[in-house]
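See structure below.
Readers should treat all values here as calculations from the given coordinates under stated rules, not as data from a laboratory. It should be emphasised that the depicted structure is a prediction, and the values quoted were computed from it without experimental measurement. Here the Cβ is made from the backbone with ideal geometry for all residues, glycine too, and neighbour counts use every protein chain on show.
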Amino acid sequence: MSVADEYLKNNAAYAKRYQAPSSHLPSRHVAIVACMDSRLNVSTVLGMDDGAAHVIRNGGGAVTDDVIRSLALSQRLLGTTEIILIHHTDCGLAKTTEDEFKGAIEAETGIRPPWAVETFTDPAADVRQSIARIAASPFIPHKDQVRGFVFDVATGSLNEVI
Amino acid sequence: MSVTDEYLKNNEAYAARFSGPLPLPPASHVAVVACMDARLNVYGILGLNEGEAHVIRNAGGVVTDDEIRSLAISQRLLGTTEIILIHHTDCGMLTFTDDAFKRSIQDETGIKPEWAAEAFTDLDEDVRQSIARIKASPFIPHKDSVRGFVFDVATGKLNEVL
């Protein structure tokens, strides 16, 4: 049995107690951009209710074009106005480099990925980089409330990047 | 007080009961790719615990280059081998067209986004499109277990796309 099959059993139990949120629009008008890390359960880290906020996640929580796309849709079509960025300590993307990761793929497949891996060395600096990319984007209308945090995987605390 | 400030208070309570840290690699070797929709609590829907699976999310849950990047990192650096895709009913991506969305941004800002908005008209077809993009990528090594689902926001159930 694959893990997916196990999760489908869990879903049957979830559906029995499920209460559908009343609207497709995020009730708190917030979009979260966070790392995909398995330890980062965004809903519980922030104490969010279902239906409250969009949750956008990728490797590193980096603001790529796809995150800009998602934020543009979130704000322009679905009414969010506030953005919260969450990176974290002990991130996999701080343990490799662009050249090392892309070189390994090229060595194995013969093809070097045309995209940046978005590795970094300092999570706080990477949060500032992500905020700067949002601030520079012409496609995101609401930028007054953009705040970034580093989640400490050892303590569970969010530490704001100022 | 902004929503962010309220969530920071919630995080203090979360950190007070936090027991970490968990290891970096996902224990179930799974990566989930899901829509950012506020009603989609991926942890609840699948019965995921912290530390089990990567959770990658964007508008639509579509597989873009940023998802390929994230999945490549997930599999090559952090040992995942199984992929679960989750799209959902009543998705905002069903309510507009790429042309109209990009036109509205161009009218307002003078700049046409260089990225696709990734709107779609049929949920099952879009899940199949996402699976096909994963299968076609040279950068993702493990493709034997890639399964796609449509989450029903009215019932909480996952329905597999075959």
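Inter-part distance, the range A:105-120 to the range A:62-86, computed on C-alpha centroids, equals 26 Å. Residue ranges A:13-26, B:25-38 sort as B:25-38, A:13-26 when ordered by packing (mean number of other C-beta atoms within 10 Å per residue, highest first).
Can you bin the protein assembly as shown into rounded, prolate or oblate? Criterion: square roots of the alpha carbon gyration tensor eigenvalues sorted a ≥ b ≥ c, rounded for a/c under 1.5, prolate for a/b above b/c, oblate for the rest. Rounded, because the longest to shortest axis ratio a/c is under 1.5. A viscosity of 0.890 mPa s and a temperature of 25 °C, combined with the Kirkwood radius over Cα pairs in Stokes-Einstein, give a translational diffusion coefficient for chain B of 140 µm²/s.
Highest average first, the peptides B:122-135, A:37-50 ordered by how many other beta carbon atoms sit within 10 Å of their residues are A:37-50, B:122-135. Amide H contacts of A:SER27 (H built 1.01 Å from N, in plane; Pro and chain starts excluded): A:ALA52, A:ALA53 sit under 5 Å, all sequence-distant by 5 or more or on other chains.
Given in Å, the Rg to one decimal and the Dmax to the nearest whole number for the Cα atoms of chain A are 17.5, 50.
Based only on Cα atoms, what Rg/Rh ratio does the range A:28-80 have, Rh being taken as Kirkwood's radius?
Numbers: Rg = 11.1 Å, Rh = 11.5 Å.
A ratio of 0.97.
Each residue of the range A:75-162 gets 137 Å³ once the volume of the Cα convex hull is shared out per residue. Net charge in the neighbourhood of B:THR4 (other residues with Cβ under 12 Å of its Cβ; Lys, Arg +1, Asp, Glu -1) is -2.
For the range A:22-161, what's the relative contact order in percent, using C-alpha pairs closer than 8 Å and at least 6 residues apart?
On the way: 238 pairs, mean separation 37.8, N = 140.
Relative contact order here is 27 percent.
Any of A:LYS95/B:LYS135; A:LYS9/B:LYS157; A:LYS102/B:LYS102; A:LYS143/B:LYS102 with alpha carbons more than 22 Å apart? Name them for me. From the list (A:LYS95/B:LYS135; A:LYS9/B:LYS157; A:LYS102/B:LYS102; A:LYS143/B:LYS102), the Cα-Cα distance tops 22 Å for A:LYS95/B:LYS135; A:LYS102/B:LYS102.
As a length-normalised measure over Cα pairs under 8 Å and 6 or more apart, the relative contact order of chain B settles at 24 percent.
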